[in-house]
């Protein structure tokens, strides 16, 4: 029953769990195929996009109305807005001209993205080329023939058996047309159109990822610059403390061990600056690559966390809308569409093919007499070609097409599940980021007070140097932790925009599609 239903699409996508067998089902195939030809439809299952998951939310628990907020930089409260749309230029929501310029230039100039765009154009042109199969092919031919024949070949003997030579010209138009009785051409074009759509959504996904990677690299560079500045401030403070410890040592209030320990602490802090500087330069090199430039010609702006503003409202798309917004899901759906159409092609390959061939022309002895009365020729050939024995090739190709369609369906489901997990992970991270920032801010403030008191008390001889050293280490870790927590809120906000699809439907940055002239002529 499933097999008979799949022969002629009736508005449903039927992918049987098992491949059809030969034997008694062959007659059912032919009868159903004949019915499809009379009805003017294409054999094979008709694709319909799978229904979205019935989930009401992305996360396991109900999402709170907003994240927490603190007084620190990037510590603002972020409100979740269910059902809100994702803007196509979400990078402008950070209110940083430098960040916005980097993303805009990357989308416009990145060579990898340009290559992906040209791959899309190639797929679109191939689709239009494929549509030419709907029409007859016409060619013009001009030949000159010179022959010499033997009289003996004509049965002449004796003096009559004389070889004769003659020549003639032949000009003609050749016409060939394949009747798309079973919809093989339609299914082939359908598969080609789906392949072009796969490339389209891969381009959308590549654009989203380039924008996200550029923004994340810029935020990371700003974070590294802030960490370097913080470490350099600590170096100055520790240098001042080393001067104090040495003075205490000369007065007998500190030991040589205290001096050596503070010198080591200062050297360690100075050493921490070097890898941060290396990472910053590498981040800027990566930004240059995203912009399609070599580092020397990148002309990158200075990036500072203070120049960024945390978006206060975060869109949270409805779960049912995610399958339409995520480029990876849309690409997986078109891959399923392509595989479904290929099933129809495989079925049609097992059915008779009907073609019409004709030639109309002239064959005079002199070229000047082409297409004059008395020299006309024509040929009309109608042909029905049906596979009788292929050693099982066509049958197993059909089974392979069904297996490919089932694999594409499973890949689509896996892509949907992965997309929902991605959104849930980012939403969970955003909640955790707010709490982590609050904790890091409290730690930074407490360690700053502790260090300040320890330094005053040490200067007055009230505490041992070890107390100061411990406070220094705690404060250093807290400062770096606070900066990283601030950057995490920015980067995870970027991740949310991309996880929800990146707002590509609100942009117009795709290359213009070529004119579909042939398609527009079809009914």
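The values are calculated or read from the model by the stated rules, or taken from the named source; none is laboratory data. Bear in mind that the values here come from a model prediction, so they are computed numbers and not experimental data. Note that each Cβ is placed from the backbone with ideal geometry, even for glycine, and that neighbours are counted across all protein chains shown.
Has region 476-483 got any residue that is under 20 Å from residue 431 (Cβ atoms) and in the same structural domain as residue 240 (by TED's automatic domain parsing)? Yes, that holds for at least one residue. Among the conditions (1) more than 30 Å from residue 85 (Cβ to Cβ); (2) surrounded by 22 or more Cβ atoms within 10 Å (Cβ to Cβ); (3) in contact (Cβ under 8 Å) with a residue 60 or more places away in the chain, the only one that residue 476 does not satisfy is (2). Residues in region 421-436 that are in contact (Cβ under 8 Å) with a residue 24 or more places away in the chain and under 14 Å from residue 322 (Cα atoms): 422, 423, 424. Quick check on residue 468: is it farther than 30 Å from residue 175 by Cα, modelled with pLDDT of 90 or more and surrounded by 15 or more Cβ atoms within 10 Å (Cβ to Cβ)? Answer is no for this residue. Reported count of residues in region 245-260, each being in contact (Cβ under 8 Å) with a residue 40 or more places away in the chain and touching a helix residue (DSSP H, G or I) at 6+ places or on another chain (Cβ under 6 Å), is 3.
If you check 9, 83, 40, 76 for being exposed (fewer than 15 other Cβ atoms within 10 Å of the Cβ) and either more than 29 Å from the chain's Cα centre (by Cα) or at pLDDT below 50 (or both), only one passes: 40. Within the option set 314, 322, being surrounded by 15 or more Cβ atoms within 10 Å (Cβ to Cβ) and in contact with a strand residue (DSSP E or B) (Cβ under 9 Å, 6 or more places away or on another chain) holds for one residue only, 314. With respect to (1) in contact with a helix residue (DSSP H, G or I) (Cβ under 9 Å, 6 or more places away or on another chain); (2) in a loop (DSSP other than H, G, I, E, B), the lone exception for residue 80 is condition (2). Inclusion of residue 341 among residues that are assigned to a helix (DSSP H, G or I) and farther than 30 Å from residue 86 by Cβ is warranted. Taken over region 387-420, residues that are more than 27 Å from residue 322 (Cα to Cα), part of a helix (DSSP H, G or I) and touching a helix residue (DSSP H, G or I) at 6+ places or on another chain (Cβ under 8 Å) amount to 6.
Out of 221, 196, 226, 211, which single residue is within 19 Å of the chain's Cα centre (by Cα), closer than 30 Å to residue 485 by Cα, part of a helix (DSSP H, G or I) and assigned by TED's automatic domain parsing to the domain that holds residue 338?
On the way: 221 fails: within 19 Å of the chain's Cα centre (by Cα); 196 fails: closer than 30 Å to residue 485 by Cα; 226 fails: within 19 Å of the chain's Cα centre (by Cα).
Only one candidate qualifies: 211.
Within region 347-389, being more than 24 Å from residue 135 (Cβ to Cβ), surrounded by 12 or more Cβ atoms within 10 Å (Cβ to Cβ) and modelled with pLDDT of 90 or more holds for 350, 387.
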